[in-house]
Structures are given as C-alpha cells and as structure tokens.
Amino acid sequence: MSNTTVIRVCMGPGGIAAGGKEVLDTFEKCLSEKNIEASVRENCSSHQVGCMGLCARDVLVEVHANGAKTTYQYIKPDMVERIVTEHISGGRPVAEWLVDDAFSAFYKKQVKVVLSDVGKVDPEDIDAYIAAGGYESAREALTSWTPRDIIDEIKSSGLRGRGGAGFPTGLKWELGRASAGDTKYIICNADEGDPGAFMDRAVIEGNPHSVAEGMIIGAYAIGASKGYVYIRAEYPLAVERLKLALHQAADRGFLGTGIFGTAMDFDIEIKLGAGAFVCGEETALIASIEGQRGMPRPKPPFPVNRGLWQRPTVINNVETLANIPYIIRNGCSWYASYGTERSKGTKVFALTGKIRNPGLIEVPMGITLREIIYEIGGGIENDKSLKAVQTGGPSGGCIPASMLDLNVDYDSLARAGSIVGSGGMIVLDEDDCMVNMAKYFVHFTQTESCGKCVPCRVGTKRLLEILTRITRGEGKTGDIELLERLSAGVKAASLCGLGQTAPNPVLSNIRYFRDEFVAHVRDKKCPAKVCREMLTYRILEKFCKGCGACLRACPGGAITGAKKKPHVIDPGKCIRCGACFDVCRFKSVEKE
Amino acid sequence: MEKTLKEIVDGYRKKGGNIITLLQGTQDAFGYIPREAVAFFSEELNIAPSRFYGVATFYAQFRLKPIGRHKITACCGTACHVKGSDKIISGLKRELQLSGENDTTGDGEFTLEEVACLGTCSFAPVVLVNGSVRGKTSSDAVVKEIRALRKKENE
C-alpha cells in the first residue's frame, strides 16, 4: 500500500467550466502553504486529469490516500482548505461534500475502454500515460506484428467507425493497405461539429496520447508516413494538449524518423478547422486541409484510393483511433466480448438535455435506452416525463419514450429511424416541441449546407421555410405531406452525407409525433407551448399579488398595473418573450 | 498593419501553408480579416482576392468586420437550445440593441457571437463572456454582466 496521497482534479470540459483550474491552483497553493507539515507536502501531489464523466457535479475531486479513493463533488476553491486540513492532514474525509449513491449508479453500468485512462492520467504528462501501459501497443505492433496481423486483429474485433457512419475500421485499413501508392496519409477527423456532442473533445483533452498511439498503429497497418489531425479551432485546450502530446511523443522517439527503433518514419501534423460542419465529410475535410473551401466531391474515387493531394488516404474518427491501443493490448476477442452481434465494443455518448445527471458516458453497445436514461442518467430533471431521446444530432432522429427498451446499437437505431451518429444523446421532456426540434436541426443543416448541390442547398431551404411557417401558426393543409415528399427527394439526390441525412430529424419527428405536427398545422396550437408565435400570455387576476416583478421584466412595456393590484398584459404590445412567465413567483402568468 | 502582414506572409513562405492558415494568422492578429490584408496578400502572392474571400466567407470562423472590445459568445447547440438559448439570445440582442445581421454594437464595445456548440453541454445553457464560461446561465445574468462591463468602461 502506498502512502502517497494523490489529488486528482477534473479538468475536462465540464470541470474547467465549473472552475477546475481555480480549484487545482488552490490545492497547490494550500499544500505549499502548509509546508510545515512536511510529510504531507512531500507525499502529496495534485494533478489535473481529463473528464471524469459526471460533469453535472463538477468540480469533481478525487483524493487517493492510504490505498483508498474518496471522491468529492461540487468543489469550489473556498472548500479546498477544509479538505486539506481535515482529510489530507487529518485523515478524516469531509463527509458532507462526498459524492452520493447517484454517483456510483452513474458508473455502475458503464464499461470504459476509450475512457479507461481519461480522468486518471495527467493528459499533459507522457510518463503518466506510459505508466498506465501507454505506447506499449504501438511498440509491440511495430516490432513484432505485421501490418496484416494488425488489420486482421482489428477486423476480428468488429470495431466500426465511431464518427457516425459505422464503417468497419479493419476493412477501411485493408483497403488503404491495398491501395497502390508510395505516399499514403492517415487523417484523424477531430472536427466534432455535431451540436450536442463533445466526446472527441473529452478524449483529446483527457488522453491525447491514446489518439496519437492509435494513429501510429494505423499508419503502420496501411503504410502511411504522414498523419494529420483535423481539429476544430473552437477547442483551444484540446489543440494545446494535442500539440504538447505530439512534442512529447517525438522526444521519446515515438514520432519522427525510425520510430520505436524500427525503419518506419511517421509524423503527425495538426490542421485547424475553421468552423464548417460539412468538413466532417471526408472529401470536404480533405479539401479543407488543402486550404480550399470545404466542399465535398462525388465518390468514387474514394479517399482510400485518391484522397489528400490525390494520394491514398484513410480517415478515422478520434474515438475510433483511441480504441486501437486498447484492442491491440487486450486482444480482439476481449473487445468483441462487449456489444452485440453486429455492433461490437463500447461507445461513448454525451448524455445531455433534460436529464438529472448529464455527462460523458461509455457503455457497451446494445445497452437499452432505459438503462442509460434511468440508471446511468438518474431519470428526467425536475420530475417531468420523458418525451423522446434525440440521437445522431442533425443527421439523426428521435426515439420516443414508448421505445425505451430499444437496444442502442447501429442496426437497432437505424431500424427506429435514427442513427448512433457521433454520440450525442439529448433527452427531451414534455416541455419540448417536436416541430420546433425539427426546425432547429434543419436550420442548422441549412446554414451549414455548402451550396454545391441543388437538392441540399435549395431543399433544406424549402424545408426550413415550411417548418418556420408551421411553427408560426401559418401552416397549410398538405404541409406535412409536402415535408415528407421533399425530405425523400433531398435524401435521395444530395451529393454528400450532410444533405442525405439532413431530412432525418424531420421524417423521424413526423413518424413518431405526427399529432403534434397536425396540432400546429390544423389547430394552430403548440401542445408543448414552445412556439412563440402561437402563444398568448395572460395574467390570472386571482393569483396576481401585484408585486411588479413582471412589469419590471417586460421588455416591451406591455404590462401595466398599480402596486399590489392585479396587473394586465396588453396583447397588442406583448412580444411573447415569456419574461413575465419566467419571473412570476405566484404562477399567475398563464400561457396557451 | 503592414509590418504584421509582412510577417504573416513571410511565415507562410517559410513554413508552407495555405489560404486558410494565412487567414487564421491574420484573424489572430487583428480579430478580423481587414480589406487591406487581402489586398496585400493578393499582391504579394499573386493570388486573386476572390480566392481569399471565397475561403473567408465559407468558414464560420472568419469575420470581415472588426470585432467588439468585449465578446459575448452564445452557444446554440442542441442541449442549450432545449434549455432556452433562444430566450438568452433575444434578451441579449435587446440589451445590445442588435438587429438583423448586425452582431456588434455601434460603439464597437460588444460583439454577440452565436456558435453551434461549445461542447460544455452539461452546463447548458452556456454563454462565454470574453472567453470564460458561464454555465446554467440566463439572459438576466449575462445582461447584468454586460451592464457592469459598460459601467467599468465609463468610469
């Protein structure tokens, strides 16, 4: 048993947002100030680690002392001193700040492969990753495996692309290997553009070396001498940590010439994306790395045959690559023991929306939605009822509450009209309007459409116009059928994945929530009371105390009334912003 | 400005690169892509200005107008959307008196930027004030902060 005390502070996207940096600094300051207790200071170190998962309870802090692990939740800088005094010096954990049962429930059903070292190793320290077994897979692969062995191993593991389409990774590598050419490239697609998805960010910020190691193994398998990571500029910390990781790896001889003492040369360069969702598409991504407008081109030729600068190019997603070292280390049958017949292994999801415990989760494929939402996620926020779960972002669809026992894997979700996608999982409750959600996603894809092909450029525009009309209470008979027909056309005729999948949220929401569309079009009502233009606000005289809160909140000056007398809203002036509804403490503002 | 532009072009010549990296360097230096910069690059590198504008207008990252002194970034990701980012944005637009395509206040003090997803969905709705995160926030809270920033400027 080690007597070293280690403090791990969550510095994942959530941890940083909640003030993780300040907490870590305070720990360090506090520990050095208490230097008098030399035994504490000497044997105690504080580290930053990547995402621990349960972002809702950040800042999460783990204290490892005397062989035991204690986890604190909701830690703020001013709580640090008490933890240091009572727990680290005194040996008595601060009971009231410890995590509760929901915390262990959050982790119970999870299986961590990609995330197994995220939240444990310091992402800025290569030795921490090496100590956890890092770079051993790459060393072994390069020194004692043939490229064929690796491709077979990955094929047997059943790993499929985690970026959305689910193409078998081993097969892609095989095609890359077989493609003729002296110069080949491997690209890591870290252009995580799906709104509501942040797992790639968490993997790179939490364990950048696992991605680099996966790329090295992939490069060896296909015969590439150069790699690129195409990453969103919107993720500055991920970029910084990846840069550092690549430097450290080069210093150790894991990147550069003659890596791991073999004859192989391999380098990785970072390319910053400039904010275009369509660049997640392979051919658009390639155009962007080449410095052009990121517009897709027709396939074939596929990038494995003619990709970056016309050379054979394999493009893998972050999570896919981060799986590789663990598969090589533990064997393909170990990996394939998780998941279902056609969807092997685990998948990372960003569980967000109206859920009690939002955060980053990794689960075996085939787990049910019910387990994810009610066991891991702790159920719906504010005791509301579940309406649907949106998966796959703007390319996906929704799964209604009635299908909660659906297995989460590539095929089951596809049958239900959605996709696994990159792993965003947004929980919607009774207060969410499905017409509005469809409009939200089409607005997104319409804005991001590159404009090259007509079905996508014009089709998404028309879809958006119709949806906007419906949400304004100006829907016409036949609009729903028109949406369906138009969606089918856009899907069939668009050039790339963006357009081909853009109508999915519309079709899926109509499929499961047709009644809601009908209510909007025929009755000019929004059952969830979301669509602003169809709402009217009214103050209920009998509940109004005349406190004046709504009068002060109203930006349009639509509310009048004397102090302590019931107030009234002038419908002519009301802009339906809902400020009065939100601010009223007596529930006297009614919307319908 | 010319000195900085020269440095950017020299870096491009030395290290290689492309139009995107050139424009990213320019935006890092000035906060936007000035007309003069495009003219300068076009002259130096013998590349038509339209190629630069083609790239600059394609990617969301680039802006052709100066940025305000304070930057408010409102996240419009899905999680933020279901938690009411619409209300936050309309509240902020009212406070900053922004309408239509205009994203910067007349006095050049504030720019309101809407972005697709910041990846901090667990804290939705999220707004960045000069780059630092305000999670589970509201229009009122951000408006308060904007007013405090204004007051500080006036002092």
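The values are calculated or read from the model by the stated rules, or taken from the named source; none is laboratory data. Note that the coordinates shown come from a computational prediction; the quantities given were computed from them, not determined experimentally. No Cβ is skipped: glycine too gets one built from the backbone with ideal geometry, and neighbour counts run over all protein chains shown. Areas reflect the complete protein model, heavy atoms only, side chains present, ligands, DNA and RNA absent. Shrake-Rupley method; radii C 1.70, N 1.55, O 1.52, S 1.80 Å.
All of A:487, A:494, A:588 fail the test of being away from chain B (no Cβ under 14 Å), surrounded by 14 or more Cβ atoms within 10 Å (Cβ to Cβ), of a type in the set (S, T, N, Q) and closer than 29 Å to residue B:94 by Cα, apart from A:588.
Filter region A:307-349 down to residues that are within 15 Å of residue A:138 (Cα to Cα) and assigned to a loop (DSSP other than H, G, I, E, B), then give me how many there are. Break it down into steps so the answer makes sense when it comes.
Step one: list which residues in region A:307-349 are within 15 Å of residue A:138 (Cα to Cα), which gives A:321-331.
Subset that is assigned to a loop (DSSP other than H, G, I, E, B): A:331.
Result for region A:307-349: 1.
Of the residues making up region A:53-82, those that are at negative phi and within 14 Å of another protein chain (Cβ to nearest Cβ) number 9. Name, by its number, the condition in (1) surrounded by fewer than 18 Cβ atoms within 10 Å (Cβ to Cβ); (2) among the polar types (S, T, N, Q); (3) not in a loop (DSSP other than H, G, I, E, B) that does not hold for residue A:183. With respect to (1) surrounded by fewer than 18 Cβ atoms within 10 Å (Cβ to Cβ); (2) among the polar types (S, T, N, Q); (3) not in a loop (DSSP other than H, G, I, E, B), residue A:183 is out only on (3). Number of residues in region B:70-118 that are of a type outside the set (A, V, I, L, M) and either buried (at least 20 other Cβ atoms within 10 Å of the Cβ) or not in a loop (DSSP other than H, G, I, E, B) (or both): the value is 24. Can you report the number of residues in region A:310-323 which are more than 19 Å from residue A:110 (Cα to Cα) and in contact (Cβ under 8 Å) with a residue 40 or more places away in the chain? Within region A:310-323, residues that are more than 19 Å from residue A:110 (Cα to Cα) and in contact (Cβ under 8 Å) with a residue 40 or more places away in the chain number 9. Here residue A:447 fits the description: assigned by TED's automatic domain parsing to the domain that holds residue A:508 and without any contact (Cβ under 8 Å) to a residue 12 or more places away in the chain. Number of residues in region A:101-122 that are open to solvent by 70 Å² or more (accessible area, probe 1.4 Å) and over 21 Å from residue A:349 (Cα atoms): the value is 1.
In the list B:4, B:21, which residue meets the criterion of being of a type in the set (Val, Ile, Thr), within 12 Å of chain A (Cβ to nearest Cβ), open to solvent by 40 Å² or more (accessible area, probe 1.4 Å) and in a helix (DSSP H, G or I)?
Details: B:4 fails: within 12 Å of chain A (Cβ to nearest Cβ).
Sole residue among the options that is of a type in the set (Val, Ile, Thr), within 12 Å of chain A (Cβ to nearest Cβ), open to solvent by 40 Å² or more (accessible area, probe 1.4 Å) and in a helix (DSSP H, G or I): B:21.
Can you tell me which residue in region A:88-100 is surrounded by the most Cβ atoms within 10 Å (Cβ to Cβ), limited to those that are at pLDDT below 90 and within 22 Å of residue A:47 (Cβ to Cβ)?
Filtering first and then ranking leaves A:88.
Selection of region A:390-419 for residues being of a type outside the set (A, V, I, L, M, F, W, C) and more than 14 Å from chain B (Cβ to nearest Cβ) yields A:400, A:402, A:405, A:407, A:409, A:410, A:411, A:412, A:415, A:417. Residues that are open to solvent by 20 Å² or more (accessible area, probe 1.4 Å) and closer than 15 Å to residue A:166 by Cβ within region A:411-449 comprise A:411, A:414, A:415, A:419, listed in sequence order.
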